[in-house]
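**Q** My structure is below; once you've seen it, I'll send some questions.
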Amino acid sequence: MRLSTRLAVAMVMLVLLTVAAVGALTYRTVETTILPGELDRVDAAARALAAELQAYVRSARADVLSFRAAVALDGIVRARLAGGIDPRDGRTEAQWRDGLAARFKAELAAKPSYLLFRVIGAADGGREIVRVARTGADGAIRQTPDAELPRRGEREYVTRTLALPAGEIYVSQI
């Protein structure tokens, strides 16, 4: 091998070693300075999202408690037990369901983070009694007609809820 070839190979090797050293130093600098800052930023964002999710869960739990105390829900139970007409004030079960659905519609309009509200009965295979949900791409709020209400009794959240003592609330996993 001639001297000029050896010098060219040595220069190429020197350039490659320099590039490798600069690359390694740059990577180490990025790793020690930028990466921890980004990890802190991601951690802070995750904590903020977790806090927001906890607030939604607390709000949902409070909503469930307030709906349990709803006059319409008691009216539905009384009417159902009396064969369809509330003996206290003469309203039908359908009228009570429509009243509860109106409240659900107002709640959905006020709370865009909620997708649906429904009341599921313990009888008749866990058939839904009232369901109001956002539908379609536009998010229109709609009450599901009685004929389209499905049975949900086999679902885990229904069986777990029915196993609870009276007055307890079950919040299912997301």
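**Q** Roughly what angle does helix 71-81 make with the longest principal axis of the chain, taking Cα atoms, 0 to 90 degrees, to the nearest 10?
**A** Long axis of 71-81 versus the principal axis of the chain: about 60 degrees.
**Q** I need the shape label for the stretch 54-115. Rule: rounded when a/c is under 1.5, else prolate if a/b > b/c, else oblate, with a, b, c from the alpha carbon gyration tensor.
**A** Prolate is the answer for the stretch 54-115, as a/c is 1.5 or above and a/b outweighs b/c.
**Q** What longest region of the chain stays clear of GluC sites (Glu not before Pro) that DSSP places outside H, G, I, E and B and that have at most 11 other Cβ atoms within 10 Å?
**A** Between the exposed loop sites, the longest stretch runs 1-153.
**Q** If each of ALA20 and LEU116 carries a label point 7 Å out from its Cα toward its Cβ, how far apart are those two points in nm?
**A** 6.2
**Q** While we're looking at this one, here's another question. As I understand it, the value is the acute angle between the Cα axis of helix 35-68 and the longest principal axis of the Cα atoms of the chain; what does it come to in degrees, rounded to 10?
**A** 0
**Q** To the nearest 0.05, how large is the calculated FRET efficiency for ASP74 and LEU49 if R₀ is 25 Å and r is the Cβ-Cβ distance?
**A** 0.10
**Q** Could you size up the charge dipole of the stretch 44-94 around its Cα centre, putting +1 on the beta carbon of Lys and Arg and -1 on that of Asp and Glu, and report it in debye to the nearest 20?
**A** So the magnitude is around 160 debye.
**Q** Right, another one. Report, in deg cm²/dmol and to the nearest 500, the calculated mean residue ellipticity at 222 nm for the chain, where each DSSP H run with n ≥ 4 adds -39500 (n - 2.57) and the sum is divided by the residue count.
**A** Taken over the chain, the calculation gives -19500 deg cm²/dmol.
**Q** Keeping every protein chain in place, order ILE85, ILE169 by accessible area at 1.4 Å, biggest value first, i.e. largest first.
**A** ILE85, ILE169
**Q** Which value, in debye to the nearest 20, describes the size of the charge dipole of the stretch 19-174 about its Cα centre when Lys and Arg Cβ atoms bear +1, Asp and Glu Cβ atoms bear -1, and nothing else is charged?
**A** 300
**Q** If you don't mind, there's one more thing I want to ask. If you take the charge dipole of the stretch 19-160 about its Cα centre, with +1 on Lys and Arg Cβ and -1 on Asp and Glu Cβ, which of LEU149, VAL77, VAL119 is farthest toward its positive end?
**A** Positive-most Cα among the choices belongs to VAL77.
**Q** Also, quick follow-up: Accessible area per residue for the chain in Å², computed with a 1.4 Å probe and the full protein assembly in place, what is it?
**A** Solvent-accessible surface per residue comes out at 69 Å².
**Q** Keeping the other protein chains in place, figure out the carbon and sulfur percent of the accessible area of the chain, with a 1.4 Å probe.
**A** 63
**Q** While we're here: On C-alpha positions alone, give me the angle between the axis of helix 93-110 and the longest principal axis of the chain, in degrees, nearest 10.
**A** Long axis of 93-110 versus the principal axis of the chain: about 30 degrees.
The values are calculated or read from the model by the stated rules, or taken from the named source; none is laboratory data. Computed from a predicted model, the values in this text were never measured in an experiment. Cβ coordinates were reconstructed from backbone atoms using ideal geometry, including for glycine residues, and neighbour counts include every protein chain displayed. For the accessible areas, the whole protein counts, side chains as well, though only heavy atoms, and no ligand, DNA or RNA atoms are used. Shrake-Rupley method; radii C 1.70, N 1.55, O 1.52, S 1.80 Å.
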